[in-house]
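The values are calculated or read from the model by the stated rules, or taken from the named source; none is laboratory data. Keep in mind that this is a model prediction, so the values were computed, not measured. For neighbour counting, all protein chains shown are included, and Cβ atoms are generated from backbone atoms with ideal geometry for every residue, glycine included.
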Amino acid sequence: MSVPLPPSRRLPRSLYLHIPFCRRRCFYCDFPVVPLGDGADGTRSPSIARYLDLLHRDLAAAPAGPPLSTVYIGGGTPSLLSVPQLQALLAAVRRRWGLAPAAEVTLEMDPGSFDADRLRGVLAAGVNRVSLGGQSFDDGVLAGLGRCHRRADLLQACRWLRQARAQGRLHSWSLDLIVNLPGQSADLWETTLAAALAEQPPHLSIYDLIVEPGTVFARAEARGQLDCPDEDAAADRLVHTHHRLAAAGYGHYEISSWALPGHGARHNRTYWTGAGWWACGLGATAGAGAERLARPRTREAYALWLQQRAGDQGGDGPPWPAPPVDDLLLVGLRCREGVPLRWLAGASGLTPGALQADLEAALAGWRRQGLVAWDGGRLRLLPPEGFCLSNAVLRDLLAWWQGRRGADAPGRPSPAGCR
Ligand SMILES: C[S@@+](CC[C@H](N)C(=O)[O-])C[C@H]1O[C@@H](n2cnc3c(N)ncnc32)[C@H](O)[C@@H]1O
Ligand code: SF4
C-alpha cells in the first residue's frame with residue numbers, strides 16, 4: 001500500500017495565540033476560558049498580567065521558524081488586553097519569528113469590551129483584521145445566550161470598525177453570528193441577517209449552534225428546556241442564509257464563512273488545508289502534519305507544563321507524518337474547493353478510475369441530490385445543500401473511507417484532533 005502524501009517538511013507560517021479570559025462564560029461555550037467578572041480589563045487584572053507572563057515564556061521557548069504569514073489572537077476575549085499588553089505580545093512574536101510582508105494579524109474583539117481609543121491603539125500596534133463576536137442583534141437573544149453585550153454595544157462596535165476601515169487603518173473585519181438558537185424563529189433570524197448586512201462587514205462567520213456537553217445549554221437540553229429548531233428547520237435556515245448572503249455579494253467559501261471578494265480569512269485556511277500552525281497559550285492546540293499538540297486547559301497545569309516542557313511544539317520536528325485521510329476529509333471538505341481526488345486515490349491504492357467508481361457506489365444518492373461532486377480532480381461538497389447537510393454526507397463518506405481502509409490498509413493512523 002503506497003503512502004499518499006509526503007511527510008510535511010514545511011515549518012508553519014501561522015500562529016494561534018490564546019487569551020483565555022472573558023467577563024462571563026456564555027451559556028453555549030465550552031472554550032478554555034476563565035470568567036473574570038463584568039468589570040474585568042487587562043489594565044487592572046492581576047490574573048491577566050500573571051497569565052501574560054506565562055504566555056511570554058511560552059513564546060520565548062517556541063521553536064524558531066520562517067516569518068509568519070498569519071497570526072490569530074483568539075479567546076476568550078483578547079480585546080480585554082490593554083494596548084501596551086498587546087504591543088508587547090506582538091513584539092514577542094516579531095522577535096521569535098518575524099512577520100512576513102502583508103501578514104494577516106487578526107484580533108478577536110467582543111462588543112462592549114473595547115472603545116474607540118483601544119481599537120485605535122491595537123490597530124496602530126499591528127492588528128489589521130478584527131473578528132467581532134456579535135452573535136445576535138436581538139437583546140432578548142443576547143440575554144438568553146448569557147452574553148455581556150447588547151445590541152447597542154454591537155452597533156457601536158460595527159460603526160468603529162467601519163470607520164477604521166474607511167480611514168485605511170483596518171484592512172478587514174468579520175462578524176460572528178450564531179444561528180438555530182433556542183427561541184430564534186425564522187423571522188427573527190431574517191431580521192438578524194438584515195441587521196448584519198446593514199453593518200457591511202467584509203466577512204461573516206455564521207455558526208450553527210452546537211450544544212456542547214457541560215454547558216448551561218446542555219443542562220437545559222437535558223431538562224427538555226432548550227427549544228431549538230428541529231433538523232429540517234435548521235437546514236432550511238442555513239440554505240436561506242446562503243441565498244440571502246449570495247444576493248448581497250458574499251461568497252460562501254467555507255461551511256461557516258462568507259466573504260466579499262478579497263476578504264476570505266487567510267489564517268483559517270491553514271486549518272482547512274492541512275498546513276501546519278504554531279500555537280501558544282492555555283488550551284491552545286498546535287498542528288504539524290498529523291501531529292496535534294494540545295497545551296493544558298487550566299492555568300496551574302499550563303504553568304507546570306511550561307516548567308517541564310522540552311521546548312518544542314511539533315514532537316521531533318520535521319518531517320512530520322502526513323495527516324490521516326479522515327482528517328483531511330473532515331477539514332478539507334469544509335472549503336468550497338474540496339480535497340484533491342489524488343489524495344484519496346493514493347491512500348486507497350485505487351486508480352483514479354476505480355476510485356470514481358467506488359465513490360459512485362458509496363455516494364450516488366448524495367450526488368443525485370446535488371450535495372456532493374467529484375470532478376475537475378477534486379471531491380467537493382456543493383453549497384448550499386452540501387454545506388448545510390455536511391454532517392450527513394460526511395458520516396457516509398467517513399464510513400466509506402473507513403470501510404476501504406479496513407479492507408485494504410490496516411494499521412493506518414486514526415483521526416486526531418478534529419471536531
Ligand atoms: C472562539 S469563539 C470566541 C469569540 C469571542 N470571544 C466571542 O464570543 O464573541 C468564536 C466564535 O465561536 C462561536 N461559538 C462558540 N461556541 C459555539 C457553540 N457552542 N455553537 C456555535 N458557535 C459557537 C461564536 O460565534 C464565537 O464568536
Ligand atoms: S465571550 Fe466568547 S469565548 Fe468567552 S465565553 Fe462567550 S463565547 Fe466563549
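Just checking, which of Ala246, Ala288, Ala259 is touching a strand residue (DSSP E or B) at 6+ places or on another chain (Cβ under 8 Å) and not assigned by TED's automatic domain parsing to the domain that holds Arg25? If you could, list the steps in order and put the result at the bottom.
Numbers: Ala246 fails: not assigned by TED's automatic domain parsing to the domain that holds Arg25; Ala259 fails: not assigned by TED's automatic domain parsing to the domain that holds Arg25.
Result of the check over Ala246, Ala288, Ala259: Ala288.
Can you work out which of the residues in the stretch 96-120 that are outside any strand (DSSP E or B) and either in contact (Cβ under 8 Å) with a residue 60 or more places away in the chain or in contact with a strand residue (DSSP E or B) (Cβ under 6 Å, 6 or more places away or on another chain) (or both) is farthest from Tyr28 (Cα to Cα)? It would help to see each step written out before you state the result.
Keep residues of the stretch 96-120 that are outside any strand (DSSP E or B), which gives 96-98, 110-120.
Add one more test, that the residue is either in contact (Cβ under 8 Å) with a residue 60 or more places away in the chain or in contact with a strand residue (DSSP E or B) (Cβ under 6 Å, 6 or more places away or on another chain) (or both), and what stays is 97, 110, 113.
Values: Trp97: 35, Asp110: 16, Ser113: 19 Å.
Among those residues, the one meeting the criterion is Trp97.
Is it the case that some residue within the stretch 67-84 is of a type outside the set (S, T, N, Q), crowded, with 19+ Cβ neighbours inside 10 Å, modelled with pLDDT under 95 and away from ligand 1 (no atom under 16 Å from the Cβ)?
Taking every residue of the stretch 67-84 in turn, none turns out to be of a type outside the set (S, T, N, Q), crowded, with 19+ Cβ neighbours inside 10 Å, modelled with pLDDT under 95 and away from ligand 1 (no atom under 16 Å from the Cβ).
Go over the candidates Ala40, Ala64 one by one and state the one that is of a type in the set (A, V, I, L, M), in contact with a Lys or Arg (Cβ under 9 Å, 6 or more places away or on another chain), away from ligand 2 (no atom under 16 Å from the Cβ) and not in a helix (DSSP H, G or I).
On the way: Ala40 fails: away from ligand 2 (no atom under 16 Å from the Cβ).
It is Ala64.
Filter the stretch 248-294 for residues that are part of a loop (DSSP other than H, G, I, E, B) and in contact with a helix residue (DSSP H, G or I) (Cβ under 6 Å, 6 or more places away or on another chain); which is farthest from Arg50 (Cα to Cα)?
Our first condition is that a residue be part of a loop (DSSP other than H, G, I, E, B); within the stretch 248-294, this holds for 248-250, 255-256, 260-265, 273-276, 281-284, 289-290.
Filter again for in contact with a helix residue (DSSP H, G or I) (Cβ under 6 Å, 6 or more places away or on another chain), leaving 248, 255, 274, 281-282.
On the way: Ala248: 45, Ile255: 37, Gly274: 33, Gly281: 12, Leu282: 12 Å.
Residue satisfying both the conditions and the ranking: Ala248.
In the stretch 196-230, what count of residues is obtained for those that are assigned to a loop (DSSP other than H, G, I, E, B), within 14 Å of ligand 1 (Cβ to nearest atom) and in contact with a Ser or Thr (Cβ under 7 Å, 6 or more places away or on another chain)?
Selection size over the stretch 196-230: 1.
When you go through (1) among the charged types (D, E, K, R); (2) in contact with a helix residue (DSSP H, G or I) (Cβ under 6 Å, 6 or more places away or on another chain); (3) away from ligand 1 (no atom under 16 Å from the Cβ) one by one for Glu108, which number turns out not to apply?
Unmet for Glu108, out of (1) among the charged types (D, E, K, R); (2) in contact with a helix residue (DSSP H, G or I) (Cβ under 6 Å, 6 or more places away or on another chain); (3) away from ligand 1 (no atom under 16 Å from the Cβ): (3).
Please find, within the stretch 221-255, the residue that is farthest from the chain's Cα centre (by Cα) out of those that are within 23 Å of Asp187 (Cβ to Cβ) and without any contact (Cβ under 8 Å) to a residue 12 or more places away in the chain. Show your work before the answer.
Residues of the stretch 221-255 that are within 23 Å of Asp187 (Cβ to Cβ), as a first pass: 225-248, 250, 252.
Then drop every residue that is not without any contact (Cβ under 8 Å) to a residue 12 or more places away in the chain, which leaves 225, 230-232, 246-247.
Values: Gln225: 29, Asp230: 25, Glu231: 23, Asp232: 25, Ala246: 21, Ala247: 25 Å.
Here the residue is Gln225.
Criterion first (within 30 Å of Ser348 (Cα to Cα) and surrounded by 15 or more Cβ atoms within 10 Å (Cβ to Cβ)) does Pro324 satisfy it?
Values: within 30 Å of Ser348 (Cα to Cα): yes; surrounded by 15 or more Cβ atoms within 10 Å (Cβ to Cβ): yes.
In short, yes.
Among the residues of the stretch 121-160, write down those that are away from ligand 2 (no atom under 16 Å from the Cβ), part of a helix (DSSP H, G or I) and among the hydrophobic types (A, V, I, L, M, F, W, C).
The answer is Val122, Leu123, Ala124, Ala125, Ala152, Leu155, Cys158, Trp160.
How about the stretch 176-195: which of its residues are within 17 Å of Ala143 (Cβ to Cβ), within 12 Å of ligand 1 (Cβ to nearest atom) and not in a loop (DSSP other than H, G, I, E, B)?
Matches in the stretch 176-195: Leu177, Ile178.
Of all residues in the stretch 33-43, which are more than 10 Å from ligand 1 (Cβ to nearest atom) and touching a strand residue (DSSP E or B) at 6+ places or on another chain (Cβ under 7 Å)?
At the first step, the residues of the stretch 33-43 found to be more than 10 Å from ligand 1 (Cβ to nearest atom) are 34-43.
Residues satisfying the conditions are Val34, Pro35, Leu36, Ala40.
Suppose the filter is within 27 Å of Val105 (Cα to Cα) and either of a type in the set (Lys, Arg) or in contact with a Lys or Arg (Cβ under 9 Å, 6 or more places away or on another chain) (or both); does Gln184 pass it? Explain how you work it out, then say what you get.
Working: within 27 Å of Val105 (Cα to Cα): no; either of a type in the set (Lys, Arg) or in contact with a Lys or Arg (Cβ under 9 Å, 6 or more places away or on another chain) (or both): yes.
No.
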